[in-house]
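Asks: Before I ask anything, here is the structure I am working with.
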Ligand code: AMP
């Protein structure tokens with residue numbers, strides 16, 4: 001079975017390519033086309049995934065996990081019913097649930113092998129990609145490719161088939177905003193520049209609407225104190241999202257609120273929603289400006305197409321604001337399924353052509369480099385990260401650089417590879433995070449300042465390999481792709497065993 005999976009921050013989805021070449025999104029056991037990315041550990045032997053998990057976690061948050069994608073690649077464990085889980089194992093449970101949906105919907109055997117294209121954000125670094133690989137492995141999925149989400153969206157919109165054009169992808173989901181400039185080439189779509197805000201999405205609108213509704217209630221009923229009523233506030237948050245969505249279809253939608261014996265109908269229309277969310281829209285546009293100027297630095301003077309992705313782009317104000325800013329009418333077609341549909345299209349391509357062909361290329365999401373002692377520093381103890389593979393370089397990328405030993409007779413060199421952690425590359429170690437650490441040992445007696453060659457390679461799948469070589473003796477250090485924050489072989493086995501005993505329900 002060959003499927004496309006959108007493993008999202010708030011929602012996930014699975015799709016398959018039909019015989020007619022059209023992707024179809026497969027529904028889950030509840031008939032929903034997207035599944036909340038929430039896991040709830042209801043007993044030592046079973047977990048809930050999706051809407052039921054979200055509802056259960058709302059009442060009993062200690063046994064639920066949401067937004068785990070934000071922690072991918074981080075080293076942390078959560079204990080549920082005495083078993084330790086990681087972001088990888090929790091994601092694996094979501095993947096397992098999606099695979100079971102796909103098997104049920106397509107009538108495949110439970111034991112049938114699954115190969116999938118799984119989408120990841122364009123900014124995902126080595127560790128996050130490796131963690132996603134691990135999650136898929138734990139779920140028993142063979143990964144055909146980890147595909148950048150904006151590239152998947154471009155496949156859905158069909159713009160990936162127009163060589164020579166450039167596309168801006170504007171992706172506003174439930175909790176994150178991403179925007180990417182793609183260059184379409186004969187051999188596929190290439191990410192030119194990407195930017196975003198991982199704490200900006202539909203949920204911010206929901207919060208604003210809930211505040212507006214609660215304030216309106218309090219103003220209409222001055223003797224009441226709705227801010228003290230937990231249940232009321234919870235209900236208002238749910239109503240706020242429904243009302244927000246309704247305003248994508250109609251201009252006005254009064255909201256009735258009840259607390260005790262009091263009932264208030266709050267007038268709510270598009271212009272109110274536009275007003276309370278206008279600074280949020282402006283924040284997305286500022287990021288669009290930033291990604292455009294980054295793309296301009298790489299020779300992109302113009303975008304030919306603008307495509308909208310993510311459920312929140314259904315709000316009419318988004319298309320209007322994007323059009324006003326870019327002077328192009330953006331395309332809006334099934335935006336909540338754009339990524340998963342693109343993943344299915346890509347999976348179909350790979351299955352049809354064998355794994356060798358690649359119609360999509362991506363870029364290095366963040367700069368990589370090594371930690372060195374800065375010999376120019378007067379104090380002699382300043383350490384800096386020298387980036388040698390730069391972000392937005394096309395994948396696969398490689399760079400060989402020469403560094404020097406510090407003292408005469410030094411018999412080993414510690415090699416620490418760092419990845420840019422902040423939004424912009426910086427040589428400050430605090431603005432980077434370590435992804436590899438090793439030692440080149442057994443060096444012959446050498447004078448201080450002897451060269452050590454260091455090669456960093458990032459493969460098309462985003463995996464990092466490092467070779468350090470002392471040229472005179474030929475001593476070589478090949479660093480294992482051990483990455484901080486990614487489970488190693490033994491804990492993978494332990495997690496696989498733990499997951500094997502769990503039943504996944506919806
Ligand atoms: P995604 O993560 O792409 O599935 O987006 C989910 C977000 O889209 C949530 O914040 C939803 O409230 C929002 N959303 C879904 N449908 C609509 C709609 N018709 N109008 C406005 N927002 C929507």
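Asks: Looking at the stretch 413-439, which of the residues that are touching a strand residue (DSSP E or B) at 6+ places or on another chain (Cβ under 9 Å), loosely packed, with under 15 Cβ neighbours inside 10 Å and farther than 22 Å from residue 402 by Cβ is modelled with the highest pLDDT? If you could, list the steps in order and put the result at the bottom.
Replies: Here is the first cut: in the stretch 413-439, the ones touching a strand residue (DSSP E or B) at 6+ places or on another chain (Cβ under 9 Å) are 413-423, 425-429, 431-439.
Those left that are additionally loosely packed, with under 15 Cβ neighbours inside 10 Å: 414, 422-423, 428, 439.
Those still in the list that are farther than 22 Å from residue 402 by Cβ too: 422-423, 428.
Working: 422: 72, 423: 66, 428: 92.
Only one residue tops the list, namely 428.
Asks: Does residue 287 count as crowded, with 16+ Cβ neighbours inside 10 Å and away from the ligand (no atom under 16 Å from the Cβ)? Can you show your working first?
Replies: Numbers: crowded, with 16+ Cβ neighbours inside 10 Å: yes; away from the ligand (no atom under 16 Å from the Cβ): yes.
Criteria met by residue 287.
Asks: Now for a different question. Restricting to the stretch 160-182, and then to whatever is part of a strand (DSSP E or B) and more than 16 Å from the ligand (Cβ to nearest atom), can you tell me which residue is farthest from residue 8 (Cα to Cα)? Walk me through how you get there before you give the answer.
Replies: Quick first cut of the stretch 160-182, residues part of a strand (DSSP E or B) only: 166-172, 177-182.
Subset that is more than 16 Å from the ligand (Cβ to nearest atom): 166-168, 181-182.
On the way: 166: 25, 167: 22, 168: 20, 181: 20, 182: 21 Å.
If we take residues in the stretch 160-182 being part of a strand (DSSP E or B) and more than 16 Å from the ligand (Cβ to nearest atom), then 166 is farthest from residue 8 (Cα to Cα).
Asks: Next question, about the same structure. Quick one: in the stretch 86-104, of everything that is buried (at least 17 other Cβ atoms within 10 Å of the Cβ) and more than 20 Å from the chain's Cα centre (by Cα), which residue is farthest from residue 200 (Cα to Cα)? Please lay out each step first, then the result.
Replies: Initially, the stretch 86-104 is screened for residues buried (at least 17 other Cβ atoms within 10 Å of the Cβ), giving 86-103.
From what is left, the residues that are more than 20 Å from the chain's Cα centre (by Cα) are 100-103.
Values: 100: 31, 101: 30, 102: 30, 103: 34 Å.
The selected residue is 103.
Asks: Return the total of residues in the stretch 290-342 being at positive phi and surrounded by fewer than 19 Cβ atoms within 10 Å (Cβ to Cβ).
Replies: If we filter the stretch 290-342 for residues that are at positive phi, which is where we start, we get 299, 310, 327, 334.
Subsequent filtering for residues that are surrounded by fewer than 19 Cβ atoms within 10 Å (Cβ to Cβ) retains 299, 327, 334.
Summing the residues that are at positive phi and surrounded by fewer than 19 Cβ atoms within 10 Å (Cβ to Cβ) in the stretch 290-342 gives 3.
Asks: If we keep just the residues of the stretch 209-253 that are in a loop (DSSP other than H, G, I, E, B) and within 12 Å of the ligand (Cβ to nearest atom), which is farthest from residue 333 (Cα to Cα)? Break it down stepwise before answering.
Replies: The first filter runs over the stretch 209-253 and keeps only residues in a loop (DSSP other than H, G, I, E, B), leaving 221-225, 229, 247-251, 253.
From the residues that got through so far, the ones that are within 12 Å of the ligand (Cβ to nearest atom) too are 247-250, 253.
Numbers: 247: 18, 248: 14, 249: 15, 250: 18, 253: 24 Å.
Step by step, filter the stretch 209-253, then rank; the result is 253.
Asks: Shifting gears a bit: Identify the residue in the stretch 183-200 that is out of contact with any strand residue (DSSP E or B) (no Cβ under 6 Å at 6 or more places or on another chain) and assigned to a loop (DSSP other than H, G, I, E, B) and, among all such residues, is modelled with the highest pLDDT.
Replies: Here the residue is 199.
Asks: Which one of these is more than 14 Å from residue 101 (Cα to Cα), in contact (Cβ under 8 Å) with a residue 24 or more places away in the chain and within 13 Å of the ligand (Cβ to nearest atom): 10, 35? If you could, list the steps in order and put the result at the bottom.
Replies: Numbers: 35 fails: more than 14 Å from residue 101 (Cα to Cα).
Result of the check over 10, 35: 10.
Asks: Further question: Go through 292, 333 for me and flag whichever is within 23 Å of residue 153 (Cα to Cα) and within 16 Å of the ligand (Cβ to nearest atom). Spell out the reasoning first.
Replies: Working: 292 fails: within 16 Å of the ligand (Cβ to nearest atom).
Step by step, each of 292, 333 is checked, and only 333 is within 23 Å of residue 153 (Cα to Cα) and within 16 Å of the ligand (Cβ to nearest atom).
Asks: Let me ask another. Before we move on, is residue 360 at pLDDT below 95 and away from the ligand (no atom under 16 Å from the Cβ)?
Replies: Values: at pLDDT below 95: yes; away from the ligand (no atom under 16 Å from the Cβ): yes.
Yes, satisfied.
The rows are residues; the columns are (1) crowded, with 18+ Cβ neighbours inside 10 Å; (2) under 19 Å from residue 319 (Cα atoms); (3) modelled with pLDDT under 95.
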| residue | (1), (2), (3) |
| --- | --- |
| 224 | no, no, yes |
| 234 | no, no, yes |
| 247 | yes, yes, no |
| 264 | yes, no, no |
| 275 | no, yes, no |
| 282 | no, yes, no |
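Asks: Residue 206 fails exactly one of the following numbered conditions: (1) in contact (Cβ under 8 Å) with a residue 40 or more places away in the chain; (2) within 16 Å of the ligand (Cβ to nearest atom); (3) touching a helix residue (DSSP H, G or I) at 6+ places or on another chain (Cβ under 7 Å). What is the number of that condition?
Replies: Exception for residue 206: condition (1).
Asks: Are any residues in the stretch 464-489 in a loop (DSSP other than H, G, I, E, B) and either crowded, with 17+ Cβ neighbours inside 10 Å or at pLDDT below 75 (or both), and if so, which ones? It would help to see each step written out before you state the result.
Replies: Step one: list which residues in the stretch 464-489 are in a loop (DSSP other than H, G, I, E, B), which gives 471-474, 480-488.
Within the stretch 464-489, 480, 481, 482, 483, 484, 485, 486, 487, 488 meet the criteria.
Asks: Go through the stretch 137-159 and report how many residues are under 30 Å from residue 92 (Cβ atoms), more than 16 Å from the ligand (Cβ to nearest atom), assigned to a helix (DSSP H, G or I) and more than 17 Å from the chain's Cα centre (by Cα).
Replies: The number of residues fulfilling the criteria is 3.
Asks: Hey, another quick one. Only one of 120, 126 is within 16 Å of the ligand (Cβ to nearest atom), closer than 26 Å to residue 458 by Cα, buried (at least 20 other Cβ atoms within 10 Å of the Cβ) and within 16 Å of the chain's Cα centre (by Cα). Can you tell me which?
Replies: Values: 126 fails: within 16 Å of the ligand (Cβ to nearest atom).
Checking each option against the conditions leaves just 120.
The values are calculated or read from the model by the stated rules, or taken from the named source; none is laboratory data. Please read these numbers as outputs of a predicted model, since none were measured by experiment. For neighbour counting, all protein chains shown are included, and Cβ atoms are generated from backbone atoms with ideal geometry for every residue, glycine included.
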